[in-house]
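**Student:** The structure under discussion is supplied below as structure tokens; questions concerning it will follow.
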Amino acid sequence: MKNVVQNPPEAQTVSRQINTLGETVYLVEIVKGLGITVGHVLKNLFGYKPRMTVGYPEQKRAIPEGYRGKHRLTTREDGSTKCVACMMCATACPAECIHIVPTESENPDIERYPARFDIDLLECVFCGLCVEACPVDAIRMDSGVYSLTAFDRESFMVTKEELMQIKGNPHPEGKVVLDQ
Amino acid sequence: MTALDVLIYILRGLLVVLVVLQIVPLLIWLERKGSAYIQDRPGPERAHVGPLRLAGLFHVLADAIKLFSKEDFMPAGANKFFYYLAPMIPVGIALITVAVVPFWHTMVFPNGYTVIGQVLAIDPGILWFFAIVSLTVYGVIFAGWSSNSKFSLLGAMRASAASLSYEIPMVLAAISAIMTYGSVNLAHIADAQTGVWWGFLPRWGVFVQPLAALIFLVTSFAETNRVPFDLAEAESELVAGYHTEYSSMKWGMFMFAEYAAMIVSTAVFTTLWFGGYNVPWLDTAALIAHAQYWTEWLLGITFVVGLVGFAVNLNHFAAGVGRWRDIRDYEGLVLAMGAIGTAAVALLLLFLCFAFHLPDWYGPLFAGFIQLQMFIVKVLFFCWVFVWVRWTLPRFRYDQLMNLGWKSLLPLALANILLTGILITVLK
């Protein structure tokens, strides 16, 4: 068996030699281990109140800057969508979850706008390529919404109107209130 | 056999079965909460009935409802008869093996009526226990074989091999105990552990046979298929072992059987080595003679505990308002009311005890009740040891398991029998 497996040069060999009698009969080491665990139990039973865990629905952790949450469509000052239906996002999308139906605009300054702009959130992989691809900053993923739940599949097909209503939350101040 | 005898017989059976059935949910809660506290987590704490959360005790109830209402799935190619039979075997065996364990010393009422502490007062006792409990492995083998899955089959083979290997040291360890006590009837064994040595040390078997007690405890872990010997369901290798293909309440029955087996193992362990139902320093005669005195003490302690509980829970209520923002915020208040109510009832009963002389039949009943409680406390403690060990130790490798069983525990158990025999011969 010698030299069958070559250790990488920087790898260290950890000695697993059992030396003492106490280690050989397991018992002493087991009692030591039991001492450690019961110490944790007593600490948690009496007085160790700030826990490591977050009680999720009531408490939320702060999400990092640049977090890619649920998409939203940005709007102009008059409330119409910035999207020009150029299809760049739908083309960039690796999951092919963006479905756009373009239509001609009456406004001569804007040639096209989306009649429909649907995102299938169940298909979406939240890669953010649509945001990168957008030439007019119409689609963003800075809503800070990461908990996407519904009772049926249809609810995950979000439309243009819904996407336009979502407010941007680029620096969500989720605050962790540790367990009292 | 009069109608009263039959009634008492049925009541004894019900009591013993109910003790097991009632402790199992408690153990599941103990396992979840204990593991959580060992790992610095809060554990189950959300489910509630009205304002009461009781530290997550209702999660077990929610789990049971979930298991009953889940889809009962049977894999293709499974042998239907054995597939359905398998979960019933361990549960049934756990419930019938506990029947030979004495839960209290025989109650002798002043009119001569006696109530024994076992359901089955049979002489084979511990031998009957070993004979029946070794059938548990059939449940595992049937489950593994009939579910037509390689993971299940591997788990079942491991479980049967481990069970057979560890049964031998277990029985040999019990033989040392049988030699020491001179009886195989568990009631006699528990009875032999009444009293104290040198005025302070309870006459428990563990002080005579520490090695055998240790071997029995270690083999109990293997018999109940729990960490560090739970190779049967090694989830890192075998998905879930022999119950991989089980779902719904059939899986729930395996879960139930695991904890019921824990209770039975610890009950026998307690009876053999930790005095069984015996209250340390207080034998049955003393309990009967001073029933009134101890009742008053217990009521007094209940009163004080009720008052402390009132203060603590009221403090929790005051500190925790707004944590859940629903009815659960009022849990502390409800518990405080319950505690003060208990204290009031205890105080009332205490005054009644002071005012009246309790009737003669109260003594044996009180002794039996206290011994039952003592037994349950001991069993719960050793169940906690099972949980504690589970969340402390890693799983043994298969060769380590076999080495420990055949090369360490078996010779040790045999040597212990030899030593016991020599000592018994010499000391006679």
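The values are calculated or read from the model by the stated rules, or taken from the named source; none is laboratory data. Model, not experiment: these values are computed from the prediction. With ideal geometry, Cβ positions are generated from the backbone for all residues, glycine too; neighbour counts draw on all protein chains shown. Remember, those area values only see protein heavy atoms, side chains included, never the ligands or the DNA or RNA. Shrake-Rupley method; radii C 1.70, N 1.55, O 1.52, S 1.80 Å.
**Student:** Given (1) more than 14 Å from chain A (Cβ to nearest Cβ); (2) modelled with pLDDT under 85, identify the lone condition not met by residue B:318.
**Tutor:** (1)
**Student:** Do we find that residue B:387 is over 30 Å from residue B:175 (Cβ atoms) and either small (Gly, Ala, Ser) or assigned to a helix (DSSP H, G or I) (or both) in this structure?
**Tutor:** Considered against the rule, which asks whether it is over 30 Å from residue B:175 (Cβ atoms) and either small (Gly, Ala, Ser) or assigned to a helix (DSSP H, G or I) (or both), residue B:387 comes out as no.
**Student:** Residues B:63, B:72: which one is open to solvent by less than 60 Å² (accessible area, probe 1.4 Å), over 26 Å from residue B:271 (Cβ atoms), over 15 Å from the mean Cα position of the chain (by Cα) and away from chain A (no Cβ under 14 Å)?
**Tutor:** Testing whether each residue is open to solvent by less than 60 Å² (accessible area, probe 1.4 Å), over 26 Å from residue B:271 (Cβ atoms), over 15 Å from the mean Cα position of the chain (by Cα) and away from chain A (no Cβ under 14 Å) leaves just B:63.
**Student:** Just name the residue that is most open to solvent (accessible area, probe 1.4 Å) out of those in segment B:75-86 that are assigned to a loop (DSSP other than H, G, I, E, B) and at negative phi.
**Tutor:** Checked segment B:75-86; the qualifying residue most open to solvent (accessible area, probe 1.4 Å) is B:76.
**Student:** Could you say which residue among B:148, B:111 is more than 22 Å from the chain's Cα centre (by Cα), closer than 30 Å to residue B:271 by Cβ and not in a helix (DSSP H, G or I)?
**Tutor:** So the residue among B:148, B:111 that is more than 22 Å from the chain's Cα centre (by Cα), closer than 30 Å to residue B:271 by Cβ and not in a helix (DSSP H, G or I) is B:111.
**Student:** What about residue B:32, is it in contact with a Pro (Cβ under 8 Å, 6 or more places away or on another chain) and in a helix (DSSP H, G or I)?
**Tutor:** Yes: the conditions hold for residue B:32.
**Student:** Same structure again: Mind counting the residues in segment A:120-145 that are under 17 Å from residue A:75 (Cα atoms) and in contact with a strand residue (DSSP E or B) (Cβ under 7 Å, 6 or more places away or on another chain)? Full working, then the answer.
**Tutor:** Pass one, segment A:120-145, residues under 17 Å from residue A:75 (Cα atoms): A:130-131, A:134-143.
From what's left, in contact with a strand residue (DSSP E or B) (Cβ under 7 Å, 6 or more places away or on another chain): A:130-131, A:138-140, A:143.
Selection size over segment A:120-145: 6.
**Student:** Right, here's the next one. Please go through segment B:293-325 and give me each residue that is of a type in the set (A, V, I, L, M, F, W, C), surrounded by 14 or more Cβ atoms within 10 Å (Cβ to Cβ) and under 15 Å from residue B:352 (Cα atoms), ordered by number. Show your work before the answer.
**Tutor:** So in segment B:293-325, the residues of a type in the set (A, V, I, L, M, F, W, C) come out as B:294, B:297-299, B:301, B:303-305, B:307-308, B:310-312, B:314, B:317-319, B:321, B:324.
Add one more test, that the residue is surrounded by 14 or more Cβ atoms within 10 Å (Cβ to Cβ), and what stays is B:294, B:298-299, B:303, B:305, B:307, B:310, B:312, B:314, B:317, B:324.
The answer is B:294, B:298, B:299, B:303.
**Student:** Among the residues in segment B:148-164, are any surrounded by 19 or more Cβ atoms within 10 Å (Cβ to Cβ) and of a type in the set (Lys, Arg)?
**Tutor:** yes
**Student:** Hey, among the residues in segment B:182-215 that are assigned to a loop (DSSP other than H, G, I, E, B) and aliphatic (A, V, I, L, M), which one's nearest to residue B:382 (Cα to Cα)? Don't jump to the end; show me each part of the working.
**Tutor:** Of the residues in segment B:182-215, the ones assigned to a loop (DSSP other than H, G, I, E, B) are B:182-185, B:193-195, B:198-200, B:203-204, B:208-209.
Then keep just the ones that are aliphatic (A, V, I, L, M); that gives B:184, B:208.
Working: B:184: 22, B:208: 19 Å.
Taking the candidates together, the pick is B:208.
**Student:** Can you name every residue in segment B:229-263 that is open to solvent by 10 Å² or more (accessible area, probe 1.4 Å), modelled with pLDDT under 85, in a helix (DSSP H, G or I) and of a type outside the set (Gly, Ala, Ser)?
**Tutor:** Matches in segment B:229-263: B:233, B:235, B:237, B:242, B:243.
**Student:** Hey, could you check segment A:44-79 for residues that are facing chain B (nearest Cβ under 8 Å) and within 30 Å of residue B:394 (Cα to Cα) and say which is least open to solvent (accessible area, probe 1.4 Å)?
**Tutor:** Applying the first criterion (facing chain B (nearest Cβ under 8 Å)) to segment A:44-79 yields A:44-45, A:48, A:51-53, A:55, A:58.
Filter again for within 30 Å of residue B:394 (Cα to Cα), leaving A:44-45, A:48, A:51-53, A:55.
Working: A:44: 1, A:45: 89, A:48: 54, A:51: 22, A:52: 121, A:53: 43, A:55: 19 Å².
So the residue we want is A:44.
**Student:** Right, next: State yes or no: is residue A:80 over 30 Å from residue B:45 (Cα atoms) and without any contact (Cβ under 8 Å) to a residue 24 or more places away in the chain?
**Tutor:** Details: over 30 Å from residue B:45 (Cα atoms): yes; without any contact (Cβ under 8 Å) to a residue 24 or more places away in the chain: no.
No; evaluated as a whole, the condition is false for this residue.
**Student:** Any chance you could count how many residues in segment A:80-101 are in a helix (DSSP H, G or I) and either open to solvent by less than 80 Å² (accessible area, probe 1.4 Å) or of a type in the set (A, V, I, L, M, F, W, C) (or both)? Full working, then the answer.
**Tutor:** First pass over segment A:80-101, keeping only residues in a helix (DSSP H, G or I): A:88-92.
Next cut, either open to solvent by less than 80 Å² (accessible area, probe 1.4 Å) or of a type in the set (A, V, I, L, M, F, W, C) (or both) only: A:88-90, A:92.
Summing the residues that are in a helix (DSSP H, G or I) and either open to solvent by less than 80 Å² (accessible area, probe 1.4 Å) or of a type in the set (A, V, I, L, M, F, W, C) (or both) in segment A:80-101 gives 4.
**Student:** Still on this model: Report whether or not residue A:26 is open to solvent by 70 Å² or more (accessible area, probe 1.4 Å), within 14 Å of chain B (Cβ to nearest Cβ) and on the phi > 0 side of the Ramachandran plot.
**Tutor:** yes
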